[in-house]
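Shown next, in structure tokens, is the structure this report addresses.
No value in this document is a laboratory result; all are computed from the given coordinates. All figures in this text were calculated on a predicted structure; none of them were measured in a lab. Reconstructed Cβ throughout: ideal geometry from the backbone, glycine too, with neighbour counts over all protein chains shown.
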Amino acid sequence: MTVSRTRRRVLKEIAATAGVIATGSGLSTTALAATRRDADVIIIGAGLAGLNTALMLQDAGMSVLLLEGSNRVGGRVMTLDKVPGRPEAGGTEFGAGYARCLSMIDRLGGFPMEKWLDTVELPFALNFDGTLMPMSAWPDSPLNHMVGKERTAGGPLMGPFALTMMYAPRPSPLNGLDSWLLPEAAALDISYGDYLKSQGVSDAALRFINNDLPTADASTYSALWHHRLFRFQEFMGGIDGLNRIATGASRFPEGIAKLLKREIAFNSHVTAIRTDKDGVEVRTKGGRSYHADRVVCAVPLPLLREIAIEPALPALQAAAVRELPYDNMVNVFFAVKEPYWKVDGLPGSLWTNQPMGRLYHFKSDQGEYLWMNVRNPLSPWIKMKDADVMQDATRTINRARPSTVGRIEAIAVVNWSTYPWTRGHNVYRTPGQISRFGNVVADAHGRIHFAGDHTAATMMGMEGAMESGERAAVEILQLA
Ligand SMILES: Cc1cc2nc3c(=O)[nH]c(=O)nc-3n(C[C@H](O)[C@H](O)[C@H](O)COP(=O)(O)OP(=O)(O)OC[C@H]3O[C@@H](n4cnc5c(N)ncnc54)[C@H](O)[C@@H]3O)c2cc1C
């Protein structure tokens, strides 16, 4: 009798310290005030958003623990260091207005930068409906059924690509970078197809624009989201302002990670978060449990959807997390065995109106490669094995550009649609989703804070990720 009571007490104490009395979601039911803390703040996700949050909180004197599901930092920033030419598979170009990224790069001691325009071969050659031509031939091509200014939009450099810019109102109706969230902007939260038709777009131009969107066609894409993107690009100074890190974009997140005092816990796939009035408990797939005062969740929405959160998010925020879509992207990289452009006399880069999208020819002192960037949601490559994608992609380019036969070789595939830690390329909005959800995905839920580019109100891409990390850190510091 005495033995059994002692045993029960010991077991209870162990459970209280380790917080391991499991419930259905794998979370403990222990009061969180009673548990030991692993850090002041746990941050989930070592992409730029999570890294920036961690560093800011560390700078402010807090202890942080960064849990990363994969075995590397950087998330959607990924330089393929072991692939010939060292291609960039993710975030690459830093805009002139990327104040947070650029000042962090300064803090890291600087990196050799190169102008994007000096590394990419422009103009593109164009393959339209199977006919290959220089971009300069496009305005007078018999295949060009566009009307008025559409025929020459973009000039010889970017050709029909610039059609979307032509139909973006100038100046932008969005005064500030965050004006897309204002109630008065909601009138533009309609289908981009309807918006283009209201601007007099021709059917031929609409078909071309459809091919360059993250959705199957413009009817399922919010015009306001497009305006936000355009406003952002305008602020960035367009393609003239773009720079890349010559030694690889991954040096940037790796540099931030080196400033963190505590080692990042890699291979920590977070599956559940529980909070109460005193603290948070974070569980990983491996069954580990961590405790802190607060948590910042800096993972893309397709992964956030799978994390059990207790207590549940408010209904609107939960719906936004569940419903906001990510676009697809399959990247295929090729080595140039022989300069095929010398054979057909056209530029190395190729723009098409087919599902294969575009082929960029990159060349700098660091190396040379071709980058095929397929966003089309109907592309069969999304679900194919990498080796099959390489074969099919080579055949597709060979058809679109016969001079490439035997002169290029597929060397790598990065499928962001199936990459386990992202499952998509970037968030976007369907018509009405901005009016409905605003930026609710950024709202703190008790002791749970959210970061990640999808929560940024002003900037986008890598700068948006940095902005979101800063906002989450400031939220916590204001409460400390
Ligand atoms: C092909 C491509 C090209 C791009 N080009 C540009 C560009 O030129 N310029 C630009 O500014 N931006 C660009 N971007 C966008 C930019 O890369 C992203 O906006 C930015 O890197 C996002 O950072 P993040 O920290 O928000 O998310 P992520 O980088 O996705 O980081 C999220 C992290 O969370 C981890 N994680 C996910 N789930 C879990 C979990 N359950 N438990 C633990 N960890 C988890 C992931 O492994 C990852 O490390 C590009 C993106 C892609 C894919």
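Checking the cross-link filter: which lysines have an alpha carbon closer than 25 Å to that of Lys277, excluding same-chain neighbours under 8 positions apart?
Hits, sequence-local ones excluded: Lys12, Lys285.
Distance in nm between label sites at Arg358 and Met165, each 7 Å beyond Cα in the beta-carbon direction?
Result for the modelled spin labels: 1.0 nm.
Mind pulling the angle between the C-alpha long axis of helix 2-18 and the longest principal axis of the chain? Nearest 10 degrees, somewhere in 0 to 90.
30
To test your reading of the geometry: what angle, between 0 and 90 degrees and rounded to tens, separates the Cα axis of helix 386-400 from the longest principal axis of the chain?
20
How far apart, in nm, are two points set 7 Å out from the Cα along the Cα-to-Cβ line at Ala480 and at Leu316?
If labels sit at Ala480 and Leu316, their model points lie 3.1 nm apart.
First select every other residue whose beta carbon is under 10 angstrom from the beta carbon of Met62; then total the charges, Lys and Arg +1, Asp and Glu -1.
Values: positive: Arg294; negative: Asp40, Asp59, Asp293.
With Lys, Arg at +1 and Asp, Glu at -1, the net is -2.
So which of Lys115/Lys258; Lys115/Lys342; Lys261/Lys385 end up more than 29 Å apart by C-alpha?
Working: Lys115/Lys258 26 Å; Lys115/Lys342 25 Å; Lys261/Lys385 39 Å.
The answer is Lys261/Lys385.
Label 7 Å along Cα→Cβ of Asp81; the range 220-264 residues with amide nitrogen under 17 Å?
245-260, 264
How would you rank 255-264, 319-328, 204-213, highest first, on the average number of other Cβ atoms within 10 Å across their residues?
Working: 255-264: 15.1, 319-328: 17.9, 204-213: 19.8.
In descending order of packing, they fall as 204-213, 319-328, 255-264.
Could you list Leu132, Leu359 in order of exposure, starting from the residue whose Cβ has the fewest other Cβ atoms within 10 Å?
Result, fewest neighbours first: Leu132, Leu359.
How do 448-461, 68-81, 37-50, 136-149 rank on mean C-beta neighbours within 10 Å, highest first? Before the final figure, lay out each step's value.
Details: 448-461: 24.5, 68-81: 20.8, 37-50: 26.8, 136-149: 14.4.
My ranking of the peptides, most packed first, is 37-50, 448-461, 68-81, 136-149.
222 nm [θ] for the chain, helices only, -39500 (n - 2.57) per DSSP H run of 4+, per residue, to 500? Let's see the in-between values first.
Numbers: 16 runs with 142 residues, N = 480.
Helix-only estimate at 222 nm: -8500 deg cm²/dmol.
What does the net charge come to around Asn210 if you take all other residues with beta carbon closer than 13 Å to its beta carbon, with K and R at +1 and D and E at -1? Intermediate values should be presented prior to the final figure.
On the way: positive: Lys197, Arg207, Arg375; negative: Asp203, Asp212, Asp217.
Summing Lys/Arg as +1 and Asp/Glu as -1 gives 0.
Starting at 0 and stepping by 5 Å, how many percent of the alpha carbon pairs of the range 145-240 end up in each bin?
It works out to 2, 13, 24, 25, 20, 12, 3, 0, in whole percents.
Where a Cα-Cα gap under 16 Å defines reach, which aspartates and glutamates qualify for Lys337, not counting those fewer than 8 residues away within the same chain?
Glu368, Glu409
Calculate the all-directions average of the projected area of the chain's alpha-carbon convex hull, and give it in nm².
24.7
With only alpha-carbon pairs counted, each pair once and no self-pairs, how large is the Kirkwood hydrodynamic radius of the range 252-325 in angstroms?
Working: mean 1/r = 0.0715 Å⁻¹.
Mean inverse Cα-Cα distance, inverted, gives 14.0 Å.
Between helix 48-59 and the chain, what is the angle of the helix's C-alpha long axis to the longest principal axis, kept within 0 to 90° and rounded to the nearest 10?
40
Under 25 Å between alpha carbons, and skipping anything fewer than 8 positions from Lys383 in its own chain: which lysines qualify?
Within the straight-line cut-off, Lys383 pairs with Lys82.
Taking the mean number of other Cβ atoms within 10 Å as a proxy for protection, how do you rank 112-122, 393-403 from highest to lowest? Numbers along the way, then the final one.
On the way: 112-122: 15.7, 393-403: 17.9.
Going from most to least packed, we get 393-403, 112-122.
Based on DSSP, what percent of beta bridges with both residues in the chain are antiparallel, to the nearest 5?
Working: 43 of 62 bridges.
Counting DSSP beta bridges with both partners in the chain, the antiparallel share is about 70 percent.
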